[in-house]
Amino acid sequence: MPKLTMVQALNLALQQEMAADDRVVLLGEDVGVDGGVFRVTDGLYEAFGAERVLDTPLAESGIVGMSIGMAVYGLRPVCEMQFSGFSYQAFHQLENHAARMRWRSQGHFHVPMVLRAPYGGGVRALEHHSESREAYYAHTPGLKMVIPSGPRNARALLVAAIRDPDPVIFFESKALYRAYREEVPDKEEVLPIGTSQITREGSDLTIVTYGAMLRPVMAAAEELQQQTGAAAEVIDLQTIAPLDDTLFVASARRTGRAMIVHEAPRSFGPGAEVVTRLVEKAFYYLEAPIARVTGYDIVIPLFAREKSYLPNADRVLRAARRLIAA
Amino acid sequence: MPRTHIELDESIERLSILDAEGNVDKERDPDINRELLLKLYRAMVLGRRFDERLLALQRQGRIGTFPPISGQEAAHLGAVAVLQPEDWMVPAFRETAAEVWRGRSLESVILGNAGFNEAAALAPPGPNLPVAVPVGSQMLHAVGLGWAARYRGKDQVVLTFFGDGATSEGDFHEAMNFAGVYQAPVIFVCQNNQWAISIPRHAQTRSATIAQKALAYGMPGIQVDGNDVLAVYAAVAEAAARARAGNGPTLVECETYRMKMHTTADDPKRYRTDEEVEGWRRKDPILRFETYLKRRRLLTKAKIEAVDAEVREAIQTAVDAAETRMASLGDPIDMFDHAYAEMTPAIAAHREEFLAETAAAAEEGSDA
């Protein structure tokens with residue numbers, strides 16, 4: 001199997017879906033000739049032409065609003081926001097229309113579009129280029145919110161998102177784009193949206209996470225085992241909404257201790273929903289308060305100090321030690 | 001270094017064919033066949049009478065708030081009359097008569113205004129988007145639909161409506177710009193009814209006309225007397241032919257007037273004078289069209305009375321049907337449908353919770 005970076009894996013998904021289905025068209029700022037500022041759409045303009053890969057004027061609402069019209073017509077647009085921090089200029093199109101067209105028309109129309117956007121910190125970028133605001137989209141009825149954690153699941157989830165009959169917001173961690181390579185089969189692979197995955201088995205505590213935070217969590221889990229012998233079970237959500245609570249609820253019932261890790265701000269973040277599900281469904285099995293290791297409730301600092309903001313393996317490890325001692 | 005005048009090979013025109021007294025410019029009279037003329041007349045009368053009936057229903061508390069269309073019948077009906085059945089219409093929310101023209105039943109309109117989601121299920125699944133309340137946001141969908149139609153090799157055109165207020169929105173600019181760049185087959189029809197709730201046209205934009213905004217996007221713009229159904233039809237027909245031939249979008253500004261309130265929750269006496277309203281009443285779109293049709297011997301006093309009686313009966317039938325249907329609707333369990341193609345686990349759980357609450361409330365005799 002070829003070993004691909006996440007950028008290459010996403011490119012493979014787009015390339016194969018475009019080849020298989022002429023309803024799939026790409027649009028966004030600099031996605032054509034330039035191949036996208038992160039090169040996710042590299043080579044697709046050459047392969048499929050300007051008719052399938054649209055370089056758009058610089059306007060986020062325009063891109064999303066136009067995608068909605070294309071999707072209603074029966075195409076499968078995949079649009080790119082250059083950074084998720086610029087997607088707010090299109091927020092009303094997502095909230096008012098993409099998310100509601102099916103409901104408003106009582107099923108006559110639907111919006112099978114994907115909005116791809118790089119999110120998260122860790123790449124020493126400018127202001128507006130490092131935030132993690134998945135909660136906005138996860139909170140909107142009618143949208144799906146997906147965040148892959150590595151090259152292989154990024155490819156398989158993007159294929160599922162493109163084929164999904166409803167609008168999917170697909171966040172890609174910039175920190176993971178070229179962080180490492182993973183074996184990605186050339187043959188089609190699809191991961192259903194709305195399913196989480198156990199990425200490490202353990203019986204002593206449960207750590208729920210997603211996206212870029214999976215790597216520091218996995219590292220912390222290994223270190224924890226070496227230092228204390230305690231085995232952490234790690235669950236990668238993969239989809240934030242609709243949230244699959246089956247695995248982490250069952251896991252917390254077994255381990256009695258649970259923690260959620262994300263880089264988004266803590267208050268009203270995705271972790272708040274995870275904690276609530278645990279309280280509702282695993283309360284009597286818990287032996288300690290549920291821990292949250294997250295971004296703080298502030299704007300992520302400019303990059304000179306962004307590392308102080310982002311959860312890392314050491315922070316997760318300290319929280320895990322406190323949790324098993326509790 | 002010289003400072004020179006840049007010649008722009010562009011200008012805008014104003015079109016008027018039928019004046020307020022019913023006098024017609026015979027040279028510019030679009031060649032509308034007799035059947036379509038009479039269909040337009042009936043639709044305009046129906047639009048007006050339906051508006052009046054909806055207002056009465058609202059004042060009686062039988063439906064909720066709604067945006068009246070009176071005075072704007074020519075602006076939106078003259079425009080949609082140009083469309084072929086397979087063309088798309090992307091409405092704002094003050095084009096009720098155009099929606100009905102495109103096949104939406106009166107019953108569906110009444111149900112929607114009475115707060116029932118089921119209204120959408122009664123609308124035909126044709127190429128007509130539902131109304132869009134957030135001002136200006138629908139125009140971009142028209143661009144996407146038009147682009148997609150071209151991508152599929154169809155010669156469909158897309159007509160989208162918006163008001164003078166919408167031209168201040170960013171989405172107006174983005175839609176016009178995208179349509180220009182992609183030469184999308186879109187007809188942008190502005191119903192400039194002079195008021196965006198309490199903000200008059202001159203306070204909305206410093207531009208002398210709305211039509212001229214087209215020039216900045218590299219597309220033709222034309223201003224028409226929006227109370228002149230012949231002029232609206234002619235301008236939109238020209239725009240549709242341009243779009244169908246692959247020559248891109250057009251902006252048509254229809255100068256009209258909102259004779260009633262913004263919605264039934266609004267009191268226009270707070271911001272405009274009776275004199276102004278009376279001035280526009282003399283420019284009524286239906287009266288002048290009636291004069292025109294009488295002079296062409298297509299309409300008689302008896303025929304006018306017959307049309308009036310027929311539309312009133314159609315409205316009464318729709319009101320009765322809607323009220324009968326409302327009595328059978330109202331099971332709120334349906335509110336969990338149509339969020340996604342497949343119900344999510346959370347929604348399924350909420351649905352179960354609601355059923356349990358309903359059962360518990362029934363047992364207690366309280367509200368769920």
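Since every read-out is calculated from the coordinates, none of them should be taken as a lab result. No experiment lies behind these values; they were computed from the predicted model shown. Here the Cβ positions follow ideal geometry from the backbone for every residue, glycine too, while neighbour counts run over all protein chains shown.
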Scale the Cα Rg of the protein assembly as shown by the rule-of-thumb value 2.2 N^0.38 Å and send over the ratio, two decimals.
1.09
For labels at B:Ile304 and A:His128 in the simple 7 Å Cα→Cβ model, what's the distance in nm?
5.9
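DSSP loop (so not H, G, I, E, B), at most 15 other Cβ within 10 Å: list which chymotrypsin sites (Phe, Trp or Tyr not before Pro) in the range B:246-339 pass both filters.
Here the sparse-neighbourhood loop sites are B:Tyr271.
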Report the charge-dipole magnitude of chain A in Debye, nearest 20, computed about the Cα centre from +1 at each Lys and Arg Cβ and -1 at each Asp and Glu Cβ.
840
For the pairs B:Lys260/B:Lys283; B:Lys26/B:Lys283; B:Lys39/B:Lys154; B:Lys213/B:Lys269, flag any whose C-alpha to C-alpha distance is greater than 25 Å.
B:Lys39/B:Lys154; B:Lys213/B:Lys269
Mean-square fluctuation maximum in Gaussian network of chain B, Cα pairs under 10 Å, restricted to B:Ala237, B:Ala265, B:Ala318, hits B:Ala265
Evaluated over chain A, the Cα radius of gyration and Dmax, each in Å:
19.5, 60
Given the candidates A:Pro301, B:Ala132, B:Leu299, the one whose Cα lies deepest towards the positive end of the charge dipole of the protein assembly as shown, counting +1 at each Lys or Arg C-beta and -1 at each Asp or Glu C-beta, is A:Pro301
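For the range A:26-101, which GluC sites (Glu not before Pro) are in a loop by DSSP, counting at most 16 other Cβ atoms within 10 Å? Working shown, then result.
Working: sites: A:Glu29, A:Glu46, A:Glu51, A:Glu60, A:Glu80, A:Glu95; in loops: A:Glu29, A:Glu51.
Of the GluC sites (Glu not before Pro), the ones in loops of the range A:26-101 whose Cβ has at most 16 other Cβ atoms within 10 Å are A:Glu51.
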Quick one: grab the alpha carbon gyration tensor of the range B:13-328, order the square roots of its eigenvalues as a ≥ b ≥ c, and give me rounded if a/c is under 1.5, else prolate or oblate depending on whether a/b is larger than b/c.
rounded
Excluding same-chain pairs closer than 8 in sequence, count the lysine pairs in chain A whose Cα atoms lie under 21 Å apart.
4
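Listed highest first by mean packing, meaning other Cβ atoms within 10 Å per residue, what order do B:299-307, A:63-71 come in? Show your work: numbers first, answer last.
Values: B:299-307: 12.8, A:63-71: 31.0.
Peptide ranking by packing, descending: A:63-71, B:299-307.
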Charged-residue dipole, Cβ positions (Lys, Arg, Asp, Glu), the range B:91-205 about Cα centre, Debye nearest 20:
260
The range A:113-238: Rg to Rh, with Rh as the Kirkwood radius over Cα pairs
0.99
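What length, rounded to one decimal in nm, is gained on full extension from B:Gln316 through to B:Phe354, with 0.36 nm per residue of separation minus their alpha-carbon distance?
Working: separation 38, 0.36 × 38 = 13.68 nm, distance 3.64 nm.
So the extension gain works out to 10.0 nm.
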Sorting A:Gly32, A:Val53, A:Gly121 by the position of each Cα along the dipole of the range A:3-183 (Lys, Arg +1; Asp, Glu -1; all at Cβ), the one nearest the positive end of that ordering is A:Gly121
Label-point separation (nm) for B:Leu36 and A:Asp297, each offset 7 Å from Cα along Cα-to-Cβ?
6.3
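If exposed means no more than 16 neighbouring beta carbons inside 10 Å and the site is in a DSSP loop, what's the longest run of chain A without any exposed chymotrypsin sites (Phe, Trp or Tyr not before Pro)? Please report the intermediate quantities before stating the final value.
Values: sites that count: A:Tyr180, A:Phe268, A:Tyr296.
Between exposed loop sites, the widest span is A:1-179.
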Quick one: putting +1 on the C-beta of Lys and Arg, -1 on the C-beta of Asp and Glu, what dipole do you get for chain B around its Cα centre, in Debye to the nearest 20?
1420
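Hey, got the average number of other protein chain Cβ atoms within 10 angstrom for residues in B:174-185? Before the final figure, lay out each step's value.
Details: counts 14, 6, 1, 5, 11, 2, 1, 5, 4, 0, 2, 0.
The per-residue average across the peptide is 4.
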Loop-resident trypsin sites (Lys or Arg not before Pro) in the range B:173-239 with no more than 13 other Cβ atoms inside 10 Å, DSSP not H/G/I/E/B, are B:Arg206
Quick calc: nm separation of the 7 Å Cα→Cβ label points for B:Ala346 and B:Ala208 -> 5.5
Which three extents, in angstrom, do the Cα atoms of the range A:3-183 have along their principal axes, listed largest first?
44, 33, 30
Which whole number gives the average, over all residues in B:333-342, of C-beta atoms from other chains lying within 10 Å of the residue C-beta?
5
I'd like the mean, over residues of A:73-82, of how many other protein chain beta carbons sit within 10 Å of each residue's own Cβ.
3
Taking the Cα of B:Glu13, stepping 7 Å toward and past its beta carbon, and measuring to each backbone N in the range B:21-41: which are under 15 Å?
B:25-31
